[in-house]
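S.K.: Handing you this structure, nothing more for now.
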Amino acid sequence: MNRAEKEEKLITLRQIVRNIPDFPIPGIQFKDVTPLFKTKESLSMLTDVLLEEYRGKGITKVVGIESRGFIMGPIMALELDAGFVPIRKPGKLPADVFEEEYEKEYGMDKIQIHKDSLTKDDVVLIHDDLLATGGTMFAAYNLVKKMGVKNIYVNFIIELDELKGRDLFPKNIELKSMIHFEV
Ligand code: AMP
């Protein structure tokens, strides 16, 4: 895919994302990603642009964040010849876990990963659907980093630029979002 073809696909995909005002509470512009997955054409286009960024990087594990990171995560993993590892909310993973606490809009929250899911030889791509304030992904990034893996890439389908979630992350990491909205 050349640059112009990629730009064209991204413009099409951006138009397919559905904005739902005031969901789940007044003032939020909710970006509904489900239309991206609904047709073979858009799902395939989205898969193409995501994979274009990560082929040839030696990724061995895609880590998806519950729950919308579980949709494109395994698709990317298969295509990259990598495995898939879930990060989940507390109480869902049955074996021994590492966990990370983080601040949400109201109070604290936790995420967990199985202790035996990653090794020091893994090159990891952490994926979620959307970057808002960045709290969730930053906790996931810290969780994976503490496991001592070789390298970490961070990916989102959508980034809400005005919320400046990317400012939480070290400047030298590769953090990419396919589609940008202001809010
Ligand atoms: P944050 O930790 O603030 O970056 O929030 C990230 C998570 O919340 C993502 O997994 C999204 O699924 C969800 N989220 C936050 N804001 C929105 C929004 N405006 N539209 C859709 N999902 C959102």
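S.K.: Can you pull out every residue in segment 168-183 that is of a type in the set (S, T, N, Q) and either assigned to a loop (DSSP other than H, G, I, E, B) or open to solvent by 50 Å² or more (accessible area, probe 1.4 Å) (or both)?
M.R.: Hit for segment 168-183 is Asn172, nothing else.
S.K.: Something else now. I'd like to check something: does segment 155-164 contain any residue that is touching a strand residue (DSSP E or B) at 6+ places or on another chain (Cβ under 8 Å), closer than 21 Å to Thr60 by Cβ and either modelled with pLDDT of 95 or more or open to solvent by 20 Å² or more (accessible area, probe 1.4 Å) (or both)?
M.R.: Yes, some residue in segment 155-164 is touching a strand residue (DSSP E or B) at 6+ places or on another chain (Cβ under 8 Å), closer than 21 Å to Thr60 by Cβ and either modelled with pLDDT of 95 or more or open to solvent by 20 Å² or more (accessible area, probe 1.4 Å) (or both).
S.K.: Based on this model, can you work out whether Met108 counts as of a type in the set (A, V, I, L, M), more than 11 Å from the ligand (Cβ to nearest atom) and open to solvent by 20 Å² or more (accessible area, probe 1.4 Å)?
M.R.: yes
S.K.: Report whether or not Thr12 is within 16 Å of the ligand (Cβ to nearest atom) and touching a residue at least 12 places away in the same chain (Cβ under 8 Å).
M.R.: Answer is no for this residue.
S.K.: Same structure, new question: Considering every residue within segment 121-141, establish whether at least one is free of Cβ contacts under 8 Å to residues at least 40 places away in the same chain, within 17 Å of the chain's Cα centre (by Cα) and away from the ligand (no atom under 16 Å from the Cβ).
M.R.: Looking through segment 121-141, none of the residues is free of Cβ contacts under 8 Å to residues at least 40 places away in the same chain, within 17 Å of the chain's Cα centre (by Cα) and away from the ligand (no atom under 16 Å from the Cβ).
S.K.: Does segment 42-55 include one or more residues that are under 16 Å from Tyr153 (Cα atoms) and of a type in the set (Lys, Arg)?
M.R.: Yes, some residue in segment 42-55 is under 16 Å from Tyr153 (Cα atoms) and of a type in the set (Lys, Arg).
S.K.: Are any of the residues in segment 60-72 polar (S, T, N, Q), touching a Pro at 6+ places or on another chain (Cβ under 7 Å) and either at pLDDT 95 or above or away from the ligand (no atom under 16 Å from the Cβ) (or both)?
M.R.: Scanning segment 60-72 turns up no residue that is polar (S, T, N, Q), touching a Pro at 6+ places or on another chain (Cβ under 7 Å) and either at pLDDT 95 or above or away from the ligand (no atom under 16 Å from the Cβ) (or both).
S.K.: Further question: Applying the selection to segment 9-34, what residues are surrounded by fewer than 11 Cβ atoms within 10 Å (Cβ to Cβ) and within 15 Å of Glu105 (Cβ to Cβ)?
M.R.: Residues satisfying the conditions are Pro24, Ile25, Pro26, Gly27.
S.K.: Count, please, the residues in segment 15-40 that happen to be without any contact (Cβ under 8 Å) to a residue 12 or more places away in the chain, assigned to a strand (DSSP E or B) and under 20 Å from the mean Cα position of the chain (by Cα).
M.R.: 1
The values are calculated or read from the model by the stated rules, or taken from the named source; none is laboratory data. Since the structure is predicted, the reported quantities are computational estimates derived from the model, not experimental observations. All Cβ positions, even for glycine, are placed from backbone atoms using ideal geometry, and neighbour counts span all protein chains on display. The area values use the complete protein model at the heavy-atom level, side chains included, leaving out ligands, DNA and RNA. Shrake-Rupley method; radii C 1.70, N 1.55, O 1.52, S 1.80 Å.
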